[in-house]
Amino acid sequence: MSMPRLSVAHAHRPYRPEIDGLRAIAVLGVVLYHAFPTLLPGGFVGVDVFFVISGFLITGILVGETDTGWRSSLVHFYDRRVRRILPALIFMVGVVSAIALVAMAPGDLRVFGRSLMSVAAFTSNQFFFQQTDYFSADANDNILLHTWSLGIEEQFYLVWPLAVLVLYRTRLRPWAPVLIAVALLISLAWSQRLLANEAQPAAFYLFRSRGWELLVGALLATGVAPQIGREWVRQAVAVAGLAAILGAMLFIDEGTSFPGLLALLPCLGAAAVIHAGLPDKTLVHRLLAWRGLVGVGLISYSLYLWHWPALVLPRLLLARELSPLEAGVAGLVALAMACFSWRWVERPFRRRGQSVGARQVIIAGLTALILTAGFGAVLWKGQGFPHRASSDVLEAEAAALSLPMLRSSCHMSGATLPPAVPCTYPKGQAPDVVLWGDSHADHLMPLVSAWAQSQGRVVRQISKSACPPLLVQDASFLSEDCPVFNQEVLAELKRKGPPTTLVLSARWTTYMVSSGREPADAARLLGADIAQSVDAVRRAWGPDVEVVLVGPTPDFGLSPSLCYARARFARLDTRHCEMAVARNSSMAELVEANFAALARETPSVRVFLPRAVFCSGPDCRTRDATGRFLFQDDDHLTPTGALNLMPAWDQLLSTSSEPDTRNGETRL
């Protein structure tokens, strides 16, 4: 992200060292969060602080220049932005590209090339938003993921100078603060609306749902907030602002509904700290102006650029998570590269050379971006140069891209049901088996359809992303359209004739985490929701429908197939990829116990446990006897993995409906 330092040379406001200190707090929060997530679970809100600072400084510069010629003003603005942003960015991208070209497996290099193109086009936030689908490559493994915030700021720089010119060079000038406030509220409302609809990735990555944070700073820069006269009030406001930022870093975490309204905490905190510093400094401002913090603030842009590659590259090359010691070393490497970048790249390019005019600087910057995009396109179109890798590496990467048979046409994202005919197998017949759930139902379709065909039966897939098959209205982890979707399923199948067998499958442990409760409480509530849903099905379709509850699959926290591809490409040991440890074992056991209890109490309910097939204790195999990969990503099965369940599945459904409750569980 861009963190421009406002200087006397191009603004009417004096340099404020405490703003560099505030940058330091923000960037240290981000770095600590990425290196040690449990240490500072909300450190990512440092990005929100940066947005407020950028909006404040950029608007101050633009408003201060509105009395000059508009063409000259725009040229000088973009000259400064190019000098500020591009040299350090191109330097980082160049070094990382050189390493990637040598060390990355073809699949990773291909995705890196595509992300490189988006960085050059100022659209990386949109690219990474598109990468959040369940079956796409893991966005957290992309070396340029952190440039999403650059995309938002760069999009702001494209539209905001023109907006300021219109606001301040026309009759709209008296209304400028009001119009900015209206735009701010619209963007904030849109962000909160997306969160309410379980569209958190869109709220997080897209400019229209993040722009309000920059507008908080912009509104402050218009002078709409009166100066605080009383010193004790300024002291209190500054302390409250800093406390809001630090509190957000400590108490917000990945499970929090964010950004939305909660992002007001760090954003208004940053605005309060900035505003309380005028006309005189408070204790907080003197703390932030401490030389050490100011020094970190000065290199904050380069440190932000380098910290993520320094953490991700070793993880990709080693094909495993970093230890705390390794993460600390990576942080020190990032700090060293940031210091080098600031001293030898940022500072020289930010100084105005007498022989280089603003237009030449802008043209040079555009040329660098075009070359960067071109190099990315070569990597993308060249498929990451697969000739560099052995056949087993390519097979592992292919497994990571393998999709279930009806994924593209029958797995939904909205409230509309999938079409009946294309999503029924064999086609053209009335289904007597229905597979219903989220993506964990979708990945079972190869298994259920093969079994149905062998039994002379017909199966219909009905699945929707992030929507478990629960017929309840008050589950906090359900999106707004999920209950609507599920009620439509119930109504349609009642209207067209209910199935004789209903298979319910979902990523149950994820919804336990989303509930925000302790695992035991979450499992108990989930069990109650499932029991209520089974009861609703029986009331709607009759008591004779057979219900199969599919337990959790192992969740590894990494893709075993990509793990193998990366380790094999780097000529490292692959055993930790082929026999991986599931991170959801304890929660999965709670779900399985609740399923078993329901099966004991409810006739014609069976329980199928995929973990019993793949795992022995916490250790789970990720390849079959012939070496084929069983998992597409950290928790979804490949078609091969689904078919690997066939013997156990066939055994379960060919036996008596009376559950085997030995050892307190319904077993296969």
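Roughly what % of Cα-Cα distances in the stretch 346-385 sit above 15 Å, to the whole percent?
Values: 446 of 780 pairs.
Across the stretch 346-385, Cα pairs with separations above 15 Å total 57 percent.
By how many nm would the segment from THR602 to ARG539 lengthen if fully extended, with 0.36 nm per residue of separation less the alpha-carbon distance?
21.4 nm
Just grab the label-to-label distance for GLU589 and GLU546, each label 7 Å out from Cα along the Cβ direction, in nm (one decimal).
3.1
Return P(r) of the chain (all Cα-Cα pairs; 20 Å bins starting at 0; whole %; ordered from short to long distances).
17, 45, 29, 8, 0
Could you calculate the FRET efficiency of THR38 with ALA336 from 1/(1 + (r/R0)^6), where r is the beta carbon distance between them and R0 is 25 Å, rounded to 0.05? Walk me through the intermediate numbers first.
Numbers: r = 25 Å, r/R0 = 1.00.
Approximately 0.50, to the nearest 0.05.
Just to verify a number: FRET efficiency for ALA225 and ARG193, C-beta to C-beta distance, R0 = 25 Å, to 0.05?
Working: r = 27 Å, r/R0 = 1.08.
After rounding to 0.05, the efficiency reads 0.40.
For q values of 0.10, 0.17 Å⁻¹, compute log₁₀ I(q)/I(0) with the Debye formula on a Cα-only model of the stretch 491-629, without solvent.
-0.44, -0.94
May I ask for the angle, rounded to the nearest 10°, between helix 264-275 and the longest principal axis of the chain, with both axes built from Cα atoms and the value confined to 0 to 90°?
Between the helix axis and the principal axis of the chain, the angle is about 10 degrees.
Which value results for Rg/Rh of the stretch 530-578 when Rg is the Cα radius of gyration and Rh the Kirkwood radius based on the inverse mean 1/r? Don't skip to the answer; put the middle values down first.
Numbers: Rg = 20.7 Å, Rh = 14.4 Å.
Ratio of gyration radius to Kirkwood radius: 1.44.
Which whole-Hz couplings ³J(HN,Hα) result when phi for each residue of the stretch 506-512 is put into the Karplus expression 6.51 cos²θ - 1.76 cosθ + 1.60, θ = phi - 60°, listed in order with x for Gly and Pro?
3J(HN,Hα) across the stretch 506-512, in whole Hz: 7, 7, 4, 5, 5, 5, 4.
Using Cβ contacts closer than 10 Å as the measure, can you line up VAL52, VAL182, VAL333 from fewest to most? Intermediate values should be presented prior to the final figure.
On the way: VAL52 28, VAL182 12, VAL333 17.
In increasing order of surrounding Cβ atoms, one gets VAL182, VAL333, VAL52.
May I ask for the longest run of the chain untouched by GluC sites (Glu not before Pro) that are loop-located per DSSP and have at most 14 neighbouring C-beta atoms (other than their own) within 10 Å?
Excluding the exposed sites themselves, the longest stretch runs over 1-253.
Which three numbers, in whole Å and largest first, are the semi-axes of the equivalent ellipsoid of the stretch 8-388 derived from its Cα gyration tensor as √(5λ)? The partial results should precede the final answer.
Values: eigenvalues 210, 123, 89 Å².
Whole-Å semi-axes of the equivalent ellipsoid: 32, 25, 21.
Quick check on the chain: helices-only [θ] at 222 nm, where DSSP H runs of length 4 and up contribute -39,500 (n - 2.57) each and the sum goes over total residues. Nearest 500, please.
Details: 30 runs with 394 residues, N = 668.
Here the helix-only value at 222 nm equals -18500 deg cm²/dmol.
Relative to the present Cα-Cα distance, how much length would full extension add between ILE99 and ARG208 at 0.36 nm per residue of separation? Working shown, then result.
Working: separation 109, 0.36 × 109 = 39.24 nm, distance 3.43 nm.
In short, 35.8 nm is gained.
What is the gain in length, in nm to one decimal, between GLU480 and LEU261 on full extension, counting 0.36 nm per residue of separation less the C-alpha to C-alpha distance?
On the way: separation 219, 0.36 × 219 = 78.84 nm, distance 1.80 nm.
Gain on extension, GLU480 to LEU261, equals 77.0 nm.
If a paramagnetic tag sat 7 Å from the Cα of ARG575 along the Cα-Cβ line, which residues of the stretch 310-333 would have the backbone N under 17 Å from that point?
Within reach of a label on ARG575, which here means backbone N under 17 Å from a point 7 Å along Cα→Cβ, the stretch 310-333 contributes 319-320.
Mind running the shape call on the stretch 211-278? Use the C-alpha gyration tensor, a ≥ b ≥ c as the square roots of the eigenvalues: rounded below 1.5 for a/c, prolate if a/b tops b/c, oblate otherwise. Present the calculation step by step, with values, prior to reporting the outcome.
Details: a/c = 3.74, a/b = 1.49, b/c = 2.50.
Judged from the Cα gyration tensor, the stretch 211-278 comes out oblate (a/c at least 1.5, b/c at or above a/b).
For the stretch 222-324, what value does the Rg/Rh ratio take when both radii are computed over Cα atoms and Rh is the Kirkwood radius, given to two decimals?
On the way: Rg = 17.8 Å, Rh = 16.3 Å.
Radius of gyration relative to Kirkwood radius: 1.09.
May I ask you to sort ILE530, ILE53, ILE362 by Cβ crowding, counting other Cβ atoms within 10 Å and putting the fewest first? It would help to have the intermediate numbers written out before the result.
On the way: ILE530 25, ILE53 29, ILE362 17.
Taking fewest neighbouring Cβ atoms as first place, the list is ILE362, ILE530, ILE53.
Once the Cα atoms of helix 445-454 and of the chain are each reduced to a long axis, what angle between those two axes, in degrees from 0 to 90 to the nearest 10, is obtained?
Taking the Cα atoms of the chain, the angle to 445-454 is about 20 degrees.
Where the convex hull is taken over the Cα atoms of the stretch 483-535, what is its projected area averaged over directions, in nm²? Show your work: numbers first, answer last.
Working: hull surface 16.9 nm².
Projected area, direction-averaged: 4.2 nm².
What's the longest bit of the chain with no exposed trypsin sites (Lys or Arg not before Pro), using DSSP loop states and at most 10 other Cβ atoms within 10 Å as the test?
Working: sites that count: ARG171, ARG230, ARG351, LYS427, ARG571.
Longest run free of exposed loop sites: 1-170.
In the stretch 392-413, which residues have a backbone nitrogen under 14 Å from the label point lying 7 Å from GLN383's Cα in the Cα-to-Cβ direction?
So the set is 392-399, 401.
Enter the angle in degrees (range 0 to 90, nearest 10) between the Cα long axis of helix 46-64 and the first principal axis of the Cα atoms of the chain, meaning the one along which they spread out most.
Taking the Cα atoms of the chain, the angle to 46-64 is about 40 degrees.
Would you kindly enumerate the cysteines in the chain that have no other Cys beta-carbon under 4.7 Å from their beta-carbon?
CYS267, CYS339
Using a Förster distance of 22 Å, how high is the FRET efficiency between ARG350 and LEU287, based on the Cβ-Cβ distance and rounded to 0.05? Let's see the in-between values first.
Details: r = 27 Å, r/R0 = 1.23.
Calculated value: 0.25.
No lab work stands behind these numbers, since they all come straight from the coordinates. As the structure is a computational prediction, the values presented were derived from the model and not from experiment. Here Cβ is always computed from backbone atoms with ideal geometry, including for glycine, and neighbour counts include all displayed protein chains.
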